[in-house]
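Worksheet: the structure to be examined is printed underneath.
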Amino acid sequence: MELGVFYILAAVIVVSGLLVVTLKNIFHSALMLILCLFGVAGIYILLHADFLAAVQVLLYVGGVTILMIFAIMVTHQLTGKKIKHYNEQPVPAGLIILSLLILLIVSITRTAFEVADKAEPMPTVAVIGRALMTDYVLPFEVVSVVLLVALIGAIVIARRD
Amino acid sequence: MATLEHYLILSAILFCIGVFGLLSRRNAVGILMSIELMFNSANINFVAFSKFINPDILTGQIFSVFVIAIAAAEAAVGLAIVVLLYRNFDIVNIDKINFMKW
């Protein structure tokens, strides 16, 4: 049962990911990216990471991809025109990536990971919240400052002056 | 029962798709999308290791939260740069943008 759900989600992720990088229309790529990110949220649920699944849907699907669609709309020069969507290196890139994939799969299957005993699935929100406010409070504050600086920087860069 | 290797191989495939898009796309927004795919594959790895290796303290999930925050910041700055390039030079294709190369 769980394995079946995993294979369905994996198929959705891989197919939509391939479509993200191969579709001609960049707007369709953005829609496929949304589907792919939903699949990753499903993988998080399968891994008992309920908080992360919610964050994935809220931040990635609701935030980042909408931002990308905005950017596509603003810089729209793609429909109706015949332009190349690839540079001159997809074939060497594909070969290198294929060998990298084979290397990764071989090394993953040959490594013996020390898998812990199966833990009971538990709600993770309280644990993550407590960890963020105690052990990880400094990275948490730093990342909030980084986010603030990045957003102000984005406004300054894109401002029409 | 899906094992750790299943998740790691899925994440490896997703990462390779992202790298392929990064290397072969011309459109800057497409490249940013490929980077998002790579961030997601790293996140799958973090969460899978967190569940299978050390399920009690959830360090991997906390790292994933940080990765998602950094990815949001990266997307905002990257798209601002794309908009600026389009406004100043009327292009969004990366291979045309070589003004700093000599």
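The values are calculated or read from the model by the stated rules, or taken from the named source; none is laboratory data. Note that the coordinates shown come from a computational prediction; the quantities given were computed from them, not determined experimentally. Note that each Cβ is placed from the backbone with ideal geometry, even for glycine, and that neighbours are counted across all protein chains shown.
Selection of first residues in segment A:98-109 that are on the phi > 0 side of the Ramachandran plot and of second residues that are loosely packed, with under 15 Cβ neighbours inside 10 Å, restricted to Cβ pairs under 9 Å at least 6 apart or on distinct chains, gives an empty result. B:F89 is checked against (1) of a type in the set (A, V, I, L, M, F, W, C); (2) more than 7 Å from every other protein chain (Cβ to nearest Cβ); (3) surrounded by 19 or more Cβ atoms within 10 Å (Cβ to Cβ) and fails just one. What number does that condition carry? So the condition that B:F89 fails would be (3). For segment B:44-64, the set of residues classified as more than 8 Å from chain A (Cβ to nearest Cβ) and among the basic types (K, R) is empty.
Within segment A:112-119, is even one residue more than 10 Å from chain B (Cβ to nearest Cβ) and modelled with pLDDT of 90 or more?
Within segment A:112-119, not a single residue is more than 10 Å from chain B (Cβ to nearest Cβ) and modelled with pLDDT of 90 or more.
Of the candidates B:A80, B:A48, B:A42, B:A69, the single residue that is buried (at least 24 other Cβ atoms within 10 Å of the Cβ) and assigned to a helix (DSSP H, G or I) is B:A48. Exactly one residue out of A:L151, A:L104 is in contact with a helix residue (DSSP H, G or I) (Cβ under 8 Å, 6 or more places away or on another chain), farther than 22 Å from B:A72 by Cα and modelled with pLDDT under 95: that is A:L104.
How about segment A:1-30: which of its residues are surrounded by fewer than 16 Cβ atoms within 10 Å (Cβ to Cβ) and either closer than 26 Å to A:K118 by Cβ or within 13 Å of the chain's Cα centre (by Cα) (or both)? Within segment A:1-30, A:M1, A:E2, A:L3, A:G4, A:V5, A:Y7, A:I8, A:A11 meet the criteria.
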